[in-house]
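These notes are about the structure you will find just below.
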Amino acid sequence: MSSDIATPSLSGREDSGAPRPEIPTYLSLIDGKNVPSGSWVYVVDSDALLDDAFSTLTLKRKLESGRIPADNLPATIVGRVARADRRTTDLAVEAAAAAVGPWSAFPPETRIERFGTLLRRRIAEQAERITEVLVQEGHPLALARWQVSGALEAFGPETLGFFRSQMLQEYRHGERQISVRRRPDGVVCLNPPQNAPLSSALLGVTAIMAGNSLVVRAPRSAPLGAMYVLQEIVAPVLAELGAPPGVLGVVCGDPAPMLDAWLDSPFVDDIMYFGSSENGIRFQERCIAAGKKPILELAGNDIVLVWKDADLELAAEAITESFYGSGQLCMIPNQVVAHPAVADELVALLVDRAARIRPGRSSEEGVLLTPVLRNEKFFSCLRDALDHGAELVCGGHAIQEDGTRDTAGIFLEPTVVRVRGLENAREVQAVREETFFPLLPLIVAEAAPDEVLLERFIDFVNSNAYGLRNSAWARDPAVIDRIVGRITKGGLLKVNDSHIGFLPYMPSHGGTGLTGGVFGEANYPILRTSHIQGVSVAAAGARPSEAVFGAWKALQAAAGHRQP
C-alpha cells in the first residue's frame, strides 16, 4: 500500500476550478491509490444551513452541476469529495476481490488484535479532529463525542478479545484436533446511513478483521467524516500491517446506481445496508435473487420499561436520550411503558428534563437538538396520537435556534404524549411505527396485579414488530430476572443503564423483525460477514474407521460387548 494512500489531494488540479488550498479534498480510494473523477460533491458547513439554508444549498447544487466555477469558494464550503462513476465503482470491487485471498491468510492476531489495537490508538490520537469533522457536518458536539466514544469501545481490548474467541474455538478429541472457525465471506460492500456515516463505516471495518475486503460508499449528503476516518486513519493502519492495498476501498456516489453495481458484480459477496424497513426488505429480496448475503440495519422502535421500584431520576435521565439529535438516531428510546404507580412522577421528571434539551449550533456545548428540515410528518404523527386520545404533556411546536416558538422554525421541541393503556396503544402511529423526530409516547399501563402487569410488559416488548434494542428500569432482582429471561426481541437489552451508551463486548446495533430483516440478529459485522467451518485434523496413522465407528465401539465397550 502506497505511503500517500491517505493524503487528501489539496491541489485541485484534477479539474479546471481549483478550490482554495486549505479545503480538504478526497478522491476515491481504490487499490491503495487516489483515483480522480470528473465531478465533485461539495460539503457545506452546518452553521451555514442555519444562517441561510436556501442560499447554501443552492450554492452546493450549482457547484456540483458545474453551473458556477469552483474557484474562490466561500468559507461555507468546508470540503469536497470525488463523485465516483460506474467504472470507478467496479474497479473498487475488483481490487477488493483480488485482496481477499492474501488478506484472509494473515493470522487472526494480526487481523484482529494488532489491527484493532492500532486503530483504537489512532482514533484516540485524532479524537479531536474526528469530532471537529463531525461537527462541521452537523452533528452536535456532544453527539460527536458520543460517536468517538463508541468507536473506542468497538476496538477496545475486551471487545477484541471477544471477537477472537468467537472466530476460532479448538478442541482435542483422541487423535484428532478439531476446530470450529469462522471464515470470511469475501467482498463486503457497505452502504452507511446519511445520519451517521462515520460511525457506521467504523462498525463495518470490523468485517475486515474477519478476513474480508471492504468497499464503503460515503453518502453524498455527508461524505467528509467517512472519507476522513477511512482514508486518514484506517487505511494507514492497514498499510502499516502490510495488508494488500485493495482490502479497503472508499467511494462516494448516489446510492441507487452504486447498489445496482454491487448487485450486478460477480465479485461482491455481502452488502451491508442501512435504511428504512420498507426499502430494506425490498433490497433484501434483490440481494437474495442476486446471490448476495444481505446484512440489514433498518428501523428501530425501542422500548423502555419502567417498573414501580425504578430509580426514576436516573430512568428519566436515560429516557431523555430519546431527544438526542432530535430523535434522528436509530438506537434511541422510541417509547416508554410505565407502571401506573409511578407514571405521574415519571412524567413530571421527563417534562423537567425535556425543557433543558435545547437547539443551537453544532459547535456549542450542551446542544442536543438538530434541525428537522421537513417537519410535516412530526405534526401528522402528533395529530394522530391526540386523535387517538393521547394527552400532550409537553412540546409540540416548531422553534427557532433561540428556542422561540415559530411555525417557520427548523427545530422541534422535545415532545411527550401520554398514552393510556397497553391494550390499544399500537393504534397510535407513534407507538406502532418508528418515528425519526423528537416525539416520545409514554404509555401508562392499566392497573392490575404486579404479576399480571409484568407479563403484559414482557408481552408488549416481544410483540413489537421491530428489534434493535430495549431497556428496563427496576430494582427487584426477581423482576429483573424475569425481564432478562423472557424478553427475546432486540439485539441488545440493558437494565438500569443508558439506552444508547456503548459498552465492551456489546453490539452497537442489531435486532430481529423489521430491524434486521429475515436474517436479523445482533450486529457484530465480524460475525455477520463470516460463516462457520468445522475442521478436523487427524494425527498421522489414525484409522479412518475410528471416525466412522468410534462412538459405536465405545458404546459397545461400555455395555460389556466384545468388539468385532
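The values are calculated or read from the model by the stated rules, or taken from the named source; none is laboratory data. Here the structure is a predicted model, which means the values were calculated and not measured. We place every Cβ from the backbone using ideal geometry, glycine too, and count neighbours over all the protein chains shown. Accessible surface areas use protein heavy atoms only, side chains included; no ligands, DNA or RNA. Shrake-Rupley method; radii C 1.70, N 1.55, O 1.52, S 1.80 Å.
Screening region 153-165 for residues that are open to solvent by 20 Å² or more (accessible area, probe 1.4 Å) and at pLDDT 95 or above and picking the one that is farthest from Arg361 (Cα to Cα) gives Ser165.
Residues of region 286-295 include none that is farther than 21 Å from Ala98 by Cα, modelled with pLDDT of 95 or more and part of a loop (DSSP other than H, G, I, E, B). Scanning region 58-114 for residues that are out of contact with any helix residue (DSSP H, G or I) (no Cβ under 7 Å at 6 or more places or on another chain), at pLDDT below 95 and β-branched (Val, Ile, Thr) yields a total of 2. Inspect all residues belonging to region 110-121 and state whether any of them is surrounded by fewer than 17 Cβ atoms within 10 Å (Cβ to Cβ) and within 22 Å of the chain's Cα centre (by Cα). Yes - at least one qualifying residue is present in region 110-121. Residues that are among the acidic types (Asp, Glu) and not in a loop (DSSP other than H, G, I, E, B) do not occur anywhere in region 462-476. From Leu527, Leu514, which residue is within 27 Å of Ser104 (Cα to Cα) and in a helix (DSSP H, G or I)? The match here is Leu527. Taken together, the criteria place Gln194 among residues that are open to solvent by 30 Å² or more (accessible area, probe 1.4 Å) and not in a strand (DSSP E or B). Within region 263-278, the presence of at least one residue that is buried (at least 19 other Cβ atoms within 10 Å of the Cβ), modelled with pLDDT of 95 or more, more than 30 Å from Gly501 (Cβ to Cβ) and within 22 Å of the chain's Cα centre (by Cα) is confirmed.
What residue, of Ala222, Ala235, is part of a helix (DSSP H, G or I) and either under 26 Å from Pro24 (Cα atoms) or open to solvent by less than 10 Å² (accessible area, probe 1.4 Å) (or both)? Show your work before the answer.
On the way: Ala222 fails: part of a helix (DSSP H, G or I).
After ruling out the rest, the residue left standing is Ala235.
Do the conditions hold for Gly389, that is, is it open to solvent by less than 60 Å² (accessible area, probe 1.4 Å), part of a loop (DSSP other than H, G, I, E, B), over 28 Å from Glu451 (Cβ atoms) and at pLDDT 95 or above? So that I can check it myself, show each step before the final result.
Details: open to solvent by less than 60 Å² (accessible area, probe 1.4 Å): yes; part of a loop (DSSP other than H, G, I, E, B): yes; over 28 Å from Glu451 (Cβ atoms): no; at pLDDT 95 or above: yes.
Answer is no for this residue.
If we scan region 5-16, do we find a residue that is modelled with pLDDT of 55 or more, assigned to a loop (DSSP other than H, G, I, E, B) and open to solvent by 10 Å² or more (accessible area, probe 1.4 Å)? Within region 5-16, not a single residue is modelled with pLDDT of 55 or more, assigned to a loop (DSSP other than H, G, I, E, B) and open to solvent by 10 Å² or more (accessible area, probe 1.4 Å). Test Leu312 against the stated conditions and say whether it is open to solvent by 10 Å² or more (accessible area, probe 1.4 Å) and of a type outside the set (Phe, Trp, Tyr). Answer is yes for this residue.
Conditions (1) touching a residue at least 12 places away in the same chain (Cβ under 8 Å); (2) surrounded by fewer than 20 Cβ atoms within 10 Å (Cβ to Cβ); (3) more than 26 Å from Pro184 (Cβ to Cβ), marked per residue:
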residue: Arg469; (1), (2), (3): yes, no, yes
residue: Val479; (1), (2), (3): yes, no, yes
residue: Gly485; (1), (2), (3): no, yes, yes
residue: Asp497; (1), (2), (3): yes, yes, yes
residue: Val548; (1), (2), (3): no, yes, yes
residue: Ala558; (1), (2), (3): no, yes, yes
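Pairs are defined by a Cβ separation below 7 Å, a sequence spacing of at least 6 or placement on different chains, a first member in region 159-170 that is in contact (Cβ under 8 Å) with a residue 60 or more places away in the chain and within 15 Å of Leu503 (Cβ to Cβ), and a second member that is among the β-branched types (Val, Ile, Thr) and in a helix (DSSP H, G or I); the pairs so defined are Phe163/Ile112; Phe163/Ile526.
Just wondering, is there one or more residues in region 435-457 that are open to solvent by 50 Å² or more (accessible area, probe 1.4 Å), of a type in the set (D, E, K, R) and over 18 Å from His339 (Cβ atoms)? No, that holds for no residue.
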